[in-house]
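For reference, the structure discussed in these notes is given below.
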Amino acid sequence: MAARQVLGLFRTADNAALATDRLKEAGFSAGDYQVLTGTPYPEGAFGEDPPKHRLFAFPFFGAAVGLAIAILITAGTQISYPLVTGGKPILAIPAMAVIAYEGTMLGAIIMTIIGIIFESRLPRPIMGLYDTRITEGFIGIALTCSEDRLQAADLVMRQAGADDVKNDDI
Amino acid sequence: MQDQLIIGANTQEVDAKINRDLLGHIIAPSPQWFWPLIGFLALVVAMAAGAAGFMINQGIGVTGLHRPVMWGFFITNFVFWVGISHAGVMLSAILRLAQAEWRRPATRAAEIVTVFSLMTAVLMPILHTGRPWRVLYWAFPYDFARGIWPNVRSPLVWDPSAINTYLTSSILFVYIALIPDFAVLRDRSTGIRHMIYSVLALGWRGYPRQWRLQMIAGILLSALILPVFVSVHSIVSWDFAVAQSVEGWHSTIFAPYFVIGAVHSGVSAVVTVLIILRYMFNWGDYITRDTLDSLARLLVVVATAWFYFFATEVLFGLFTLETPEIGLRTMQIFQWPFAMLFLIFITTAYFIPVPMWLFRNVRRSFKWMLITTILVNIGMWLERFLIVVPGLARKSPLTFNWSTYHPSVIEILIVVGTFAFVSMMILLFSKVAPLIPIYDVKEGQILRDTIKIGKVEVPAVRREE
């Protein structure tokens, strides 16, 4: 049976939260729907669980890679052409530390950005059912269900105070 | 606290007004002054580019640089723009970490000032080398064929590594925070613009996981960028402090002194930019007197901390009774024309603005804040000039010919061009992305409230623990 998507649009956060409760009562699970907003709402405003993610691992990995590359570059280039300048050692720790620090931070930041995009489930080439009113203050609840439950989902959302409910094949 | 945008309005009305106000200039035709102003700035930039081209063709003999003063306007301007760039991400990062409510309208503009001023700063040493095409292998280890490697023991190699890290981080930081705003633009644009904004928004839908990660990203990236920001101007200060030939620069407090000076000039620049943007785009509902008041209070603290470092550097340098230090300070403070520049610097960077900022009426006045913050940056540009030029111009042993420094027209044109370039780039950016973060302002509206205490109603903000 083809999966269908239903999108309900709500004017207030209270109505959207009520709709999520009613959907659960009607037998839909939290994994079946997503609440879409144009603004960050406080965590749990729509009864959602805190997201599980591994974002904090990304900067550590990036930092380790950045540090390794920085040490390789600084040590490798100076050993390749060991010219003494200013009476300093060929492998001067203070000088290497500066570049190693910058390399570490650059690696950490780049990997953090990659982590944020990855953990946010982006990029998303296919938008799915969506409505531009979401970025104008409406709260959307996008639900995926089987064909035979489409009417039930539509009814639950309207009863919870949805301003508009639309559906589409996905 | 920002005033409520529409009293008693529902979320849709508030969001529609915010979208209209902050995206109007992007989606609808620009104000009449916009393109003529861009044209004028482009003309100044073109003149500077012409001057730079002439200099590259003729050699740096066309500048006023002469032994022993081999650093002049370009290096002064480099330190100045690196300093300006510090405000942006620093301001944004610290205020995000502190969850300061008044940060909301200021962060994006601050971050954009960082990006464009840093790009401008990078140009200065590249031009200063006189042979820009050689810069790449002085800074990056890529010339495997000839075995030419950068000298990593030189601070002139530390600079590119720090600036590269800071610039890359700042651009990525700005982009991540822009994704939800690109989604708003995607939803309100058509045709090719819609396609471009769709790609930039990466398919953002705005579900709780994405918002949660966006919030964590703001804090995590702030925490990561703050140490980078401190390192960048520290490294710029080491360009001076570890230079063997100029004893007057051998100072162990140069790094924190430069960093705090950068914050002083940078935050002032952000205030200047915010006031000008407010006037240009009618953003009176967003950049309010409260925003200005908070920034001015921050500036009082930063400026005083900077003055403490400045006074320590000068007084305890003199207390050593070392000849180079006394010679340098004598030249800076008592010899023409540096004495006049020193007087302008110290009055405009501290003694005029800071006492004025102690008055509430000044802190809440757009006119006075604009004037005082511009004064600060005149002073801080001169501060950098007074570090660079007198330090080199002082007679030192084994220097057998010396003269002072007079900037040439070429250098003046290039320096003026950098100011036009940064202004032009900020204005052009305002045409493609909002300079005030839309989702941040909307979130502020959701979380704001008023509570009644006794007989008064006071503004309040709800916040998650």
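The values are calculated or read from the model by the stated rules, or taken from the named source; none is laboratory data. No experiment lies behind these values; they were computed from the predicted model shown. Don't worry about glycine lacking a Cβ; one is built from the backbone with ideal geometry, like all the others, and counts go over all protein chains shown.
Looking at A:A26, A:A108, A:A16, which one is of a type in the set (G, A, S) and not assigned by TED's automatic domain parsing to the domain that holds A:D148? Give the steps one after another, and end with the answer.
On the way: A:A26 fails: not assigned by TED's automatic domain parsing to the domain that holds A:D148; A:A16 fails: not assigned by TED's automatic domain parsing to the domain that holds A:D148.
Among A:A26, A:A108, A:A16, only A:A108 is of a type in the set (G, A, S) and not assigned by TED's automatic domain parsing to the domain that holds A:D148.
Can you confirm whether B:L375 is hydrophobic (A, V, I, L, M, F, W, C), crowded, with 18+ Cβ neighbours inside 10 Å and under 17 Å from B:V302 (Cα atoms)? The answer is yes for B:L375.
Conditions (1) over 20 Å from B:F385 (Cα atoms); (2) more than 20 Å from the chain's Cα centre (by Cα), marked per residue:
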residue	(1), (2)
B:A269	no, no
B:R278	yes, no
B:F281	yes, yes
B:W306	no, no
B:F338	no, yes
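Figure legend. Inter-residue proximity from region A:5-21: first residues under 17 Å from B:D15 (Cα atoms), second residues part of a loop (DSSP other than H, G, I, E, B) and polar (S, T, N, Q), beta-carbon distance below 7 Å, spacing 6+ or different chains. Indicated pairs: A:R11/B:N10.
Filter region A:1-27 down to the residues that are part of a loop (DSSP other than H, G, I, E, B) and touching a Ser or Thr at 6+ places or on another chain (Cβ under 9 Å), then identify the one that is farthest from the other protein chains (Cβ to nearest Cβ). Step by step, filter region A:1-27, then rank; the result is A:M1. Please go through (1) in a strand (DSSP E or B); (2) closer than 18 Å to B:D15 by Cα for A:T39 and return the number of the only condition it doesn't satisfy. All conditions pass for A:T39, except number (1). A Cβ distance below 8 Å, combined with a sequence gap of six or more or placement on separate chains, defines the contacts here; from region A:25-45, residues that are in contact (Cβ under 8 Å) with a residue 60 or more places away in the chain reach residues that are part of a loop (DSSP other than H, G, I, E, B) and of a type in the set (D, E, K, R) in the pairs A:Q34/B:R205; A:V35/A:E48; A:L36/B:R205.
Residues satisfying the criterion are present in region B:5-27 (criterion: surrounded by 22 or more Cβ atoms within 10 Å (Cβ to Cβ), among the polar types (S, T, N, Q) and out of contact with any strand residue (DSSP E or B) (no Cβ under 8 Å at 6 or more places or on another chain)). Being under 27 Å from B:R363 (Cα atoms) and either within 13 Å of chain A (Cβ to nearest Cβ) or surrounded by fewer than 18 Cβ atoms within 10 Å (Cβ to Cβ) (or both): is that true of B:M280 here? Taking the combined requirement at face value, the residue satisfies it.
Looking at B:I216, B:I225, B:I275, can you tell me which residue is among the β-branched types (V, I, T) and more than 29 Å from B:N377 (Cα to Cα)?
Among B:I216, B:I225, B:I275, only B:I216 is among the β-branched types (V, I, T) and more than 29 Å from B:N377 (Cα to Cα).
Within region B:85-99, residues that are at positive phi have Cβ atoms under 7 Å from residues that are crowded, with 24+ Cβ neighbours inside 10 Å and modelled with pLDDT under 75 in no pair, counting only partners at least 6 apart in sequence or on another chain.
Checked against (1) outside any loop (DSSP other than H, G, I, E, B); (2) more than 7 Å from chain B (Cβ to nearest Cβ); (3) modelled with pLDDT under 90, A:Q78 passes all but a single condition, namely (2). Can you find a residue that is out of contact with any Gly (no Cβ under 7 Å at 6 or more places or on another chain) and of a type in the set (G, A, S) anywhere in region B:193-202? Yes: region B:193-202 contains one or more residues that are out of contact with any Gly (no Cβ under 7 Å at 6 or more places or on another chain) and of a type in the set (G, A, S). The sole residue among B:R205, B:R209 that is modelled with pLDDT of 90 or more, touching a strand residue (DSSP E or B) at 6+ places or on another chain (Cβ under 9 Å) and assigned to a helix (DSSP H, G or I) is B:R209. Condition test on B:I148, is it at the interface with another protein chain (Cβ under 10 Å from one of its Cβ atoms) and buried (at least 22 other Cβ atoms within 10 Å of the Cβ)? So B:I148 does not fit the description; no. Can you find a residue that is surrounded by fewer than 21 Cβ atoms within 10 Å (Cβ to Cβ), facing chain A (nearest Cβ under 10 Å) and assigned to a helix (DSSP H, G or I) anywhere in region B:189-199? Yes, region B:189-199 contains a residue that is surrounded by fewer than 21 Cβ atoms within 10 Å (Cβ to Cβ), facing chain A (nearest Cβ under 10 Å) and assigned to a helix (DSSP H, G or I).
One line per residue, one yes/no per condition, for (1) in contact with a Gly (Cβ under 7 Å, 6 or more places away or on another chain); (2) crowded, with 21+ Cβ neighbours inside 10 Å:
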{"residue": "B:N164", "(1), (2)": "no, no"}
{"residue": "B:I179", "(1), (2)": "no, yes"}
{"residue": "B:R186", "(1), (2)": "no, yes"}
{"residue": "B:A217", "(1), (2)": "no, yes"}
{"residue": "B:V228", "(1), (2)": "no, yes"}
{"residue": "B:V232", "(1), (2)": "no, yes"}
{"residue": "B:W249", "(1), (2)": "yes, yes"}
{"residue": "B:A255", "(1), (2)": "no, no"}
{"residue": "B:V259", "(1), (2)": "no, yes"}
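So the check is Cβ under 6 Å with 6+ separation or different chains; which pairs have a first residue in region B:284-298 that's closer than 12 Å to B:L274 by Cβ and hydroxyl-bearing (S, T, Y) and a second one that's at pLDDT below 90 and not in a loop (DSSP other than H, G, I, E, B)? Filtered contacts from region B:284-298: B:T291/B:W102; B:S294/B:W102.
Residues that are within 8 Å of chain A (Cβ to nearest Cβ), closer than 30 Å to A:E43 by Cβ and assigned to a helix (DSSP H, G or I) occur in region B:156-169; there is at least one.
Please find, within region A:31-65, the residue that is nearest to the other protein chains (Cβ to nearest Cβ) out of those that are out of contact with any strand residue (DSSP E or B) (no Cβ under 6 Å at 6 or more places or on another chain) and β-branched (V, I, T). Show your work before the answer.
Our first condition is that a residue be out of contact with any strand residue (DSSP E or B) (no Cβ under 6 Å at 6 or more places or on another chain); within region A:31-65, this holds for A:31, A:38-45, A:47-65.
From what is left, the residues that are β-branched (V, I, T) are A:39, A:65.
Values: A:T39: 4, A:V65: 14 Å.
The selected residue is A:T39.
Among the residues that make up region A:66-74, is at least one of them in a loop (DSSP other than H, G, I, E, B) and within 10 Å of chain B (Cβ to nearest Cβ)? The answer is no; no qualifying residue exists.
Condition (residue is modelled with pLDDT under 90 and either assigned to a helix (DSSP H, G or I) or more than 7 Å from every other protein chain (Cβ to nearest Cβ) (or both)) applied to region A:104-111: is it met by at least one residue? Within region A:104-111, none of the residues are modelled with pLDDT under 90 and either assigned to a helix (DSSP H, G or I) or more than 7 Å from every other protein chain (Cβ to nearest Cβ) (or both).
Among the listed residues A:R149, A:R158, A:R124, identify the single one that is of a type in the set (D, E, K, R), outside any helix (DSSP H, G or I) and not assigned by TED's automatic domain parsing to the domain that holds A:I71. Give the steps one after another, and end with the answer.
Details: A:R149 fails: outside any helix (DSSP H, G or I); A:R158 fails: outside any helix (DSSP H, G or I).
Of A:R149, A:R158, A:R124, the one residue that is of a type in the set (D, E, K, R), outside any helix (DSSP H, G or I) and not assigned by TED's automatic domain parsing to the domain that holds A:I71 is A:R124.
Identify, please: which residue in region B:75-108 is in a helix (DSSP H, G or I) and among the polar types (S, T, N, Q) and is, among those, surrounded by the most Cβ atoms within 10 Å (Cβ to Cβ)? Can you show your working first?
Narrowing region B:75-108 to residues in a helix (DSSP H, G or I): B:75-97, B:101-103, B:107-108.
Now narrow it down to the ones that are among the polar types (S, T, N, Q): B:76-77, B:85, B:92, B:107.
Details: B:T76: 23, B:N77: 26, B:S85: 32, B:S92: 29, B:T107: 25.
Within region B:75-108, the match that is surrounded by the most Cβ atoms within 10 Å (Cβ to Cβ) is B:S85.
All conditions but one from (1) touching a residue at least 24 places away in the same chain (Cβ under 8 Å); (2) within 12 Å of chain B (Cβ to nearest Cβ); (3) assigned to a helix (DSSP H, G or I); (4) among the small types (G, A, S) apply to A:A95; the one that does not is (1).
Give region A:127-141 a look and list any residue that's in a loop (DSSP other than H, G, I, E, B), among the acidic types (D, E) and at the interface with chain B (Cβ under 7 Å from one of its Cβ atoms), or say none.
Just the residues of region A:127-141 that are in a loop (DSSP other than H, G, I, E, B), to begin with: A:127-131, A:137-138.
Okay, now just the ones that are also among the acidic types (D, E), so A:131.
The answer is none; no residue qualifies.
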